[in-house]
1. Using just the helices of the chain, give the 222 nm mean residue ellipticity in deg cm²/dmol: DSSP H runs with n ≥ 4 each add -39,500 (n - 2.57), and the total is spread over all residues, rounded to 500.
2. Which whole-number percentage describes the relative contact order of the chain, with Cα contacts under 8 Å and a sequence gap of 6 or more?
3. For segment 1-82, with every protein chain kept in place, what is the accessible area per residue (1.4 Å probe, Å²)?
4. Please report, in whole Å, how far the alpha carbons of the chain spread along each principal axis, starting with the longest.
5. Considering only protein heavy atoms and a probe of 1.4 Å, how much of the accessible area of the chain is carbon and sulfur, as a whole percent?
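The values are calculated or read from the model by the stated rules, or taken from the named source; none is laboratory data. It should be emphasised that the depicted structure is a prediction, and the values quoted were computed from it without experimental measurement. Remember, those area values only see protein heavy atoms, side chains included, never the ligands or the DNA or RNA. Shrake-Rupley method; radii C 1.70, N 1.55, O 1.52, S 1.80 Å.
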Amino acid sequence: MEKTFVMIKPDGVRRGLMGEIIGRIEKKGFRITRAKLFRPSRALVEEHYKEHREKPFYEELVTYILDGPVMAMEVEGESVIEAMRTMIGSTDPKEALPGTIRGDFAYSITENIIHGSDSAASAERELKLWFDD
Ligand SMILES: Nc1nc2c(ncn2[C@@H]2O[C@H](COP(=O)(O)OP(=O)(O)OP(=O)(O)O)[C@@H](O)[C@H]2O)c(=O)[nH]1
Ligand SMILES: [Mg+2]
């Protein structure tokens, strides 16, 4: 069974959207097999987003993820990697369709509530990074 890494970002936790998001994942039929609510270290967040290190928004992105606790989750199900990306919606909330998590709850490209791995290789790398201490 496929597994992916999902993270509710600090704005999602702060706004009280954990229940809403976990509910959507469970109602879809996926299983949350590991989860932790905690404040990640800067080193962990920098490693997670290392593909964006050269981008102009990188520092803002890392600072925002460090702004409060996040909910890190391992989610399991059939084709869950692609399905979670669909449920999350486009990176830019202006383009995220209603019915997606970002489409329904986000308005900022930085504070866009949730992360989901974008490929099998990313899922494997990110699950190892966030859960294998
Ligand atoms: N300000 C700004 N932020 C961006 C831009 N592109 C991406 N980001 C931020 O960087 C994060 C990572 O970018 P991507 O990996 O390309 O987008 P994503 O896969 O939808 O988002 P994640 O699930 O967080 O990885 C996004 O969630 C945004 O918060 C941009 O053009 N401008
Ligand atoms: Mg991404």
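1. Value at 222 nm, helices only, nearest 500: -11500 deg cm²/dmol.
2. On the way: 214 pairs, mean separation 49.6, N = 133.
RCO, the chain: 37 percent.
3. Details: 4380 Å² over 82 residues.
Here the residues of segment 1-82 average 53 Å² of exposed surface.
4. Computed over the Cα atoms, the extents are 36, 34, 24 Å.
5. Ligands and nucleic acids excluded, carbon and sulfur give 51 percent.
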